[in-house]
1. State yes or no: is Phe78 at pLDDT 95 or above, surrounded by 19 or more Cβ atoms within 10 Å (Cβ to Cβ), of a type outside the set (Val, Ile, Thr) and over 24 Å from Gln160 (Cβ atoms)?
2. When segment 198-249 is examined, which residues are found to be at pLDDT 85 or above, surrounded by 18 or more Cβ atoms within 10 Å (Cβ to Cβ) and in a loop (DSSP other than H, G, I, E, B)?
3. Being under 16 Å from Tyr195 (Cβ atoms) and among the hydrophobic types (A, V, I, L, M, F, W, C): is that true of Val104 here?
4. Check whether at least one residue in segment 115-125 is surrounded by 15 or more Cβ atoms within 10 Å (Cβ to Cβ), of a type in the set (Asp, Glu) and farther than 23 Å from Ala99 by Cβ, and report yes or no.
5. Of all residues in segment 156-184, how many are surrounded by 17 or more Cβ atoms within 10 Å (Cβ to Cβ) and closer than 24 Å to Leu71 by Cα?
6. Considering each residue of segment 19-37, count those that are crowded, with 19+ Cβ neighbours inside 10 Å and assigned to a helix (DSSP H, G or I), and give that number.
7. Quick check on Ile204: is it away from the ligand (no atom under 16 Å from the Cβ) and hydrophobic (A, V, I, L, M, F, W, C)?
8. When segment 82-133 is examined, which residues are found to be more than 15 Å from the ligand (Cβ to nearest atom), part of a loop (DSSP other than H, G, I, E, B) and over 23 Å from the mean Cα position of the chain (by Cα)?
Amino acid sequence: MTFSVEQINALAIDYAEKDPKDLISLALQAFGKLAISFSGAEDVILIELATKVARQLDKPVHVFTLDTGRLHPETYQFIDRVRQHYNLTIDILSPDTVALEAFVREKGLFSFYQTDHHECCGIRKIEPLKRKLATLDAWITGQRRDQSPGTRNQVPVIEQDPTFGKDKALVKFNPLANWTSKQVWDYIRMFDVPYNPLHDRGFISIGCEPCTRPVGPGQHEREGRWWWEEATAKECGLHRGNVIASDGD
Ligand code: SF4
């Protein structure tokens, strides 16, 4: 099914206050080429909700994740635990080896500490993501407004994804946009959803190992990501629209 920008905006208004399950239900019914983006963190809740909704609708659930090559061992183990727990096939996407090898040969393995994270994220995350998105009509993300005051406070529940401009219509569903971290964790605990053990060690927002650190009491979760950079630049580009709107995991 194809939606115009006006239709997407109207749906975003209609569904603005709806439950995440309603949004996932809409996505599963409206789009055949649809997949959930799973980062290996608390966005596992999307898989939990989607498998419940999909069972009622008798629809398949497609999930992909980006293997940057720099994730924590705990995250790799968690991704595989989720695969087994939900009996899912997870598409694990790797960076282009030619581009990656040229990059690390020239700049080493930690160039992001000297410059910024964008070039490394571009090769390890953005290119594989775009390759995947080119095969989809819509995707589902775990973005929440409370994750980043600088870049996510306007995230709608449904939006036209600008990744491919006019070359390809792509719709992004953000079913958890309205939920707080507390709601997510209340749900995870209530329904005994598997979670990444790094969360028990002070990690809130989990990304690549060299670019993620635990945060202390009173610190915002995003302070644990790319801490050597400006707060308004703390998006890796996966959600480019957020950064264009304000200036993209
Ligand atoms: S988060 Fe860090 S290690 Fe991971 S792709 Fe971005 S810059 Fe590279």
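The values are calculated or read from the model by the stated rules, or taken from the named source; none is laboratory data. Not measured: the values here are computed from a predicted model. Using ideal geometry, Cβ is built from the backbone for each residue, glycine included, and neighbour counts are taken over all protein chains shown.
1. Taking the combined requirement at face value, the residue satisfies it.
2. Hits for segment 198-249 are Phe203, Ile204, Ser205, Ile206, Gly207, Val215, Trp226.
3. No, not satisfied.
4. No, that holds for no residue.
5. 3
6. 7
7. In short, no.
8. none
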